[in-house]
Amino acid sequence: MPHVVCEPCIKCKYTQCVAVCPVESFREDEEMVVIDPEVCIDCGACVPECPVQAIYPAEEVPEKWKSFIQLNADKAPNQIGRASCRERVSLNV
């Protein structure tokens, strides 16, 4: 199962998790990044890079954030891809 970005990512400005993704599965909107479940290969490289502990394997998402599984799936196809996120990383934004 893919990984899921949860509530602690809202308004987070860190993108180290995005930079380590080998398959460019992250998508960005105005308030957070999400993971496209159709692209994620479930490698887990992003988990230790997230300083706010917002990323979980789908089967381990805490109960209070279960709605983020569907939220990631719904938002991902409609958002800007990793290139935009990577620009933020290089700018340290």
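The values are calculated or read from the model by the stated rules, or taken from the named source; none is laboratory data. In this text the structure is predicted, and so the values were computed from the model without any measurement. Virtual Cβ from ideal backbone geometry, glycine too; neighbours counted across all protein chains shown. Accessible surface is based on the protein model in full, side chains and every heavy atom, while ligands, DNA and RNA are left aside. Shrake-Rupley method; radii C 1.70, N 1.55, O 1.52, S 1.80 Å.
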Please tell me if GLU7 is surrounded by 12 or more Cβ atoms within 10 Å (Cβ to Cβ), within 17 Å of ALA76 (Cα to Cα) and modelled with pLDDT under 95.
-> no
Those residues that are open to solvent by 20 Å² or more (accessible area, probe 1.4 Å) and of a type outside the set (Ser, Thr, Tyr), I need them from the range 48-62; list them, please.
-> PRO48, GLU49, PRO51, VAL52, GLN53, PRO57, GLU59, GLU60, PRO62
Evaluate the range 28-47: report whether one residue or more is touching a residue at least 40 places away in the same chain (Cβ under 8 Å), open to solvent by 40 Å² or more (accessible area, probe 1.4 Å) and among the aliphatic types (A, V, I, L, M).
-> yes
Filter the range 16-62 for residues that are charged (D, E, K, R) and in contact with a helix residue (DSSP H, G or I) (Cβ under 7 Å, 6 or more places away or on another chain); the one that is farthest from MET1 (Cα to Cα) is ASP29
Residue check, GLU24 in a helix (DSSP H, G or I) and out of contact with any His (no Cβ under 6 Å at 6 or more places or on another chain) | no
Among the residues of the range 37-92 satisfying the criterion of being of a type in the set (D, E, K, R) and either in contact with a Gly (Cβ under 8 Å, 6 or more places away or on another chain) or closer than 13 Å to PHE26 by Cβ (or both), which is modelled with the highest pLDDT?
-> GLU49
In the range 63-83, what count of residues is obtained for those that are more than 11 Å from PRO2 (Cα to Cα) and open to solvent by 50 Å² or more (accessible area, probe 1.4 Å)?
-> 12
